[in-house]
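In what follows, a single structure is set out as structure tokens and then discussed.
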Amino acid sequence: MGIHVTQYKRLMKFRLLPIPPLWLGVLPLIPGAGLLSLLALPRFRRLPVGWRALLAAFLALQLLAALLSPQPLLSLPLALIRGGLVVALIVAGYMLGHTRAVRPVLLGYSVVALTAFATTVVLHPAAVFTTRLVHPYYTSVSLGLAGTLGLLLAVTWRGGPWVWRVVGGGLSLGMFLWSGSRGPLIALVAGLAAALVVGLRSQWKASLLALAGTAVLVLGLQTAVPGGVTSRFLENTLNGRGIFWADALSAGRLHPWGGTGPYQLGPAFSTQYSDASCKLWLPVQTYGLEGGCPPALDALRGAWLIAHNTAFHLLGETGIIGLSGWLALMGALALAAWRCRDPLVNGVTWAILAMGLVDTPTFLPNVGHAELYWLLGGVGVALAQKNLLADQPAPRLSPAAPLLALALLTYFTLPLWLERVRPSVRAGVPILRALTLPTRLTAGENVTLFLKADLPQGKFRVRGLACPINGPCQNVVQTALKASPSGWTRLTLKGLPAGRYRLSLQLSDQRARLSVERPVAELVRMIDVE
């Protein structure tokens, strides 16, 4: 026993970062602040041998995938930077060694909440309770996830002044509710459940109180303000995620081994990448960008477009080779979280992984969410190592790491599995029968066309893709389609540059279900734009 304690003291002697842990307070406030973790890379050799080998293999797989991407000279440095940042965050968390070090993050989330509250009130004074929370550089989903992670920090906080837990937790709860985001709701339930499982004696009161309080507030606000933002928690639609999933899978089929390359999946998203508008976080009038994105900004628009599913996005970006590395690392970190038995590490780990079904919260660099996940992963490794050094028996679950990776893959690909156990359309087969177009199409001008469709009862959506001979397809029309007595529907086709295009009108079933959006009917025409 004495030998183990000596080893642990020697290990803890090196658990010092060249930067103070207080920097974690700005992690949610300054996008890219996680890059400071690169200063911890020289301490890589302090990791256990097995983890050094795993991280080296992970990085090697990312570089191999980049070599097999369409643009290896661009993909290689990007893969090295992103993979290196993941390794650096894990090393930084390992050197911190305890969850007490990440408490300043709750202060950062509190500032984010106050900023978002003020921004929403200023921009939407007449519709405060019916408008989703906005922020100068957070999306509504990111705000919801910030609220979830802030709540987990407050609930699992042990010791210290209770006022920080109450104020930080209250602001985080308000941010979560006001965001109206359902993905963070999945994360909150999974995170509280994980914290409760590993810390039943110390966490059951706080966890159940947080969950019950959230449920009461959601139902109470929905009753008091019908049609308010909290009504979104009761919806079960995908809001177009099915299209993103289909596009990412198409990119994965096109580049199965190495993917498109890091940050290069954007052009595959036909419904977003070709949009001429300059969509940032706030209305375009706030930035004075009504005329579209400046060329320098437009060139970067595709870098942060995501597939809204962790596995689908990583498959599209890094192919089968890169995806296997990511899943292996996530599975190993989940195992380390279980072994360390820390409520916060387990809560954040499983919250982020659970949300991966409908988003990509592990994407780096981020506004702090992904950074916190990888950082706490390193803390989990350190605490698990501490348990071993202190001679506390840990379950021998080494084979569980690949099993956890396989379980994560099964969970992330749930939309594909569900497609196999239920029919794609209801009774009655929809048919796109006819399309009328003007005889001449002028470059840059919107065009009115008429589509005839035989539709059964239900919800359908039609989208049109204009694909040139060379270059990415553009989304030129997207709208809901309902059955009509005549069968004809008027559509407006977005203006196109001059050239010859393959126009594909695709009809998809819009039932509320978790599935990849695939066309149930299609009509194709060749068009010339002069």
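The values are calculated or read from the model by the stated rules, or taken from the named source; none is laboratory data. In this text the structure is predicted, and so the values were computed from the model without any measurement. When we count neighbours, we look across all protein chains shown, and the Cβ atoms used for this are built from the backbone with ideal geometry, even at glycine.
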Within the bounds of segment 82-100, is there any residue that is under 16 Å from Pro28 (Cα atoms), within 24 Å of the chain's Cα centre (by Cα) and charged (D, E, K, R)?
no
Note: among Thr119, Thr130, Thr156, just one is closer than 26 Å to Asp342 by Cβ, touching a residue at least 12 places away in the same chain (Cβ under 8 Å) and hydroxyl-bearing (Ser, Thr, Tyr), namely Thr156
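Here's a check for you: in segment 159-204, which residue that is among the charged types (D, E, K, R) and touching a helix residue (DSSP H, G or I) at 6+ places or on another chain (Cβ under 7 Å) is modelled with the highest pLDDT? Steps first, answer last, please.
Applying the first criterion (among the charged types (D, E, K, R)) to segment 159-204 yields 165, 182, 201.
In the following step, the residues that additionally are touching a helix residue (DSSP H, G or I) at 6+ places or on another chain (Cβ under 7 Å) were identified as 165, 182.
Numbers: Arg165: 83, Arg182: 90.
If we take residues in segment 159-204 being among the charged types (D, E, K, R) and touching a helix residue (DSSP H, G or I) at 6+ places or on another chain (Cβ under 7 Å), then Arg182 is modelled with the highest pLDDT.
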Taking Gly302, is it over 14 Å from the mean Cα position of the chain (by Cα), modelled with pLDDT of 95 or more, in a helix (DSSP H, G or I) and farther than 21 Å from Gly93 by Cα?
no
Quiz item: Do we have Arg420 as free of Cβ contacts under 8 Å to residues at least 24 places away in the same chain and under 33 Å from the mean Cα position of the chain (by Cα) here?
Solution: yes
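For every residue, the table says whether it meets (1) within 22 Å of the chain's Cα centre (by Cα); (2) at pLDDT 90 or above; (3) among the basic types (Lys, Arg); (4) assigned by TED's automatic domain parsing to the domain that holds Leu192.
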| position | (1), (2), (3), (4) |
| --- | --- |
| Thr318 | yes, yes, no, no |
| Met330 | yes, yes, no, no |
| Gly347 | yes, yes, no, yes |
| Trp350 | yes, yes, no, yes |
| Leu357 | yes, yes, no, yes |
| Thr362 | yes, yes, no, yes |
| Leu388 | no, no, no, yes |
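Picking from Arg513, Arg525, which residue would you name as being in a strand (DSSP E or B) and charged (D, E, K, R)? Can you show your working first?
Details: Arg513 fails: in a strand (DSSP E or B).
It is Arg525.
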Filter segment 510-525 for residues that are among the aliphatic types (A, V, I, L, M) and surrounded by fewer than 15 Cβ atoms within 10 Å (Cβ to Cβ); the one that is modelled with the highest pLDDT is Val524
Gly464 meets each of (1) surrounded by fewer than 16 Cβ atoms within 10 Å (Cβ to Cβ); (2) of a type in the set (Gly, Ala, Ser); (3) at pLDDT 80 or above with one exception, condition (1)
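Residue check: is Phe312 out of contact with any Asp or Glu (no Cβ under 8 Å at 6 or more places or on another chain) and not in a helix (DSSP H, G or I)?
Working: out of contact with any Asp or Glu (no Cβ under 8 Å at 6 or more places or on another chain): yes; not in a helix (DSSP H, G or I): no.
Here the answer is no, as Phe312 does not meet what is asked.
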Counting only residues that are touching a Leu at 6+ places or on another chain (Cβ under 9 Å), surrounded by fewer than 17 Cβ atoms within 10 Å (Cβ to Cβ), assigned to a strand (DSSP E or B) and not aromatic (Phe, Trp, Tyr), segment 468-503 contains a total of 5
Within segment 42-55, the residues that are within 19 Å of Gly380 (Cβ to Cβ), part of a helix (DSSP H, G or I) and not aromatic (Phe, Trp, Tyr) are Arg43, Arg46, Val49, Gly50, Arg52, Ala53, Leu54, Leu55
Selection from segment 88-114 of residues modelled with pLDDT under 95 and touching a Lys or Arg at 6+ places or on another chain (Cβ under 6 Å) yields Met95, Gly97
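Please verify whether Arg461 is assigned to a strand (DSSP E or B) and more than 32 Å from the chain's Cα centre (by Cα), treating the condition exactly as stated. If you could, list the steps in order and put the result at the bottom.
Working: assigned to a strand (DSSP E or B): yes; more than 32 Å from the chain's Cα centre (by Cα): no.
In short, no.
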Within the bounds of segment 127-134, is there any residue that is outside any loop (DSSP other than H, G, I, E, B) and surrounded by 20 or more Cβ atoms within 10 Å (Cβ to Cβ)?
no
Going by what's in this entry, would Pro77 be described as part of a helix (DSSP H, G or I) and surrounded by fewer than 23 Cβ atoms within 10 Å (Cβ to Cβ)?
yes
- Can you confirm whether segment 43-62 contains a residue that is more than 30 Å from Arg341 (Cβ to Cβ) and either outside the structural domain of Leu344 (by TED's automatic domain parsing) or under 23 Å from the mean Cα position of the chain (by Cα) (or both)? yes
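Applying the selection to segment 29-43, what residues are among the small types (Gly, Ala, Ser) and crowded, with 17+ Cβ neighbours inside 10 Å?
If we filter segment 29-43 for residues that are among the small types (Gly, Ala, Ser), which is where we start, we get 32-34, 37, 40.
Selection gives Ala33, Gly34, Ser37, Ala40.
For segment 229-251, which residues satisfy the criterion of being within 30 Å of Gly174 (Cβ to Cβ) and of a type in the set (D, E, K, R)? Lay out the reasoning, then the answer.
Step one: of segment 229-251, the residues within 30 Å of Gly174 (Cβ to Cβ) are 229-241, 244.
Hits for segment 229-251 are Arg232, Glu235, Arg241.
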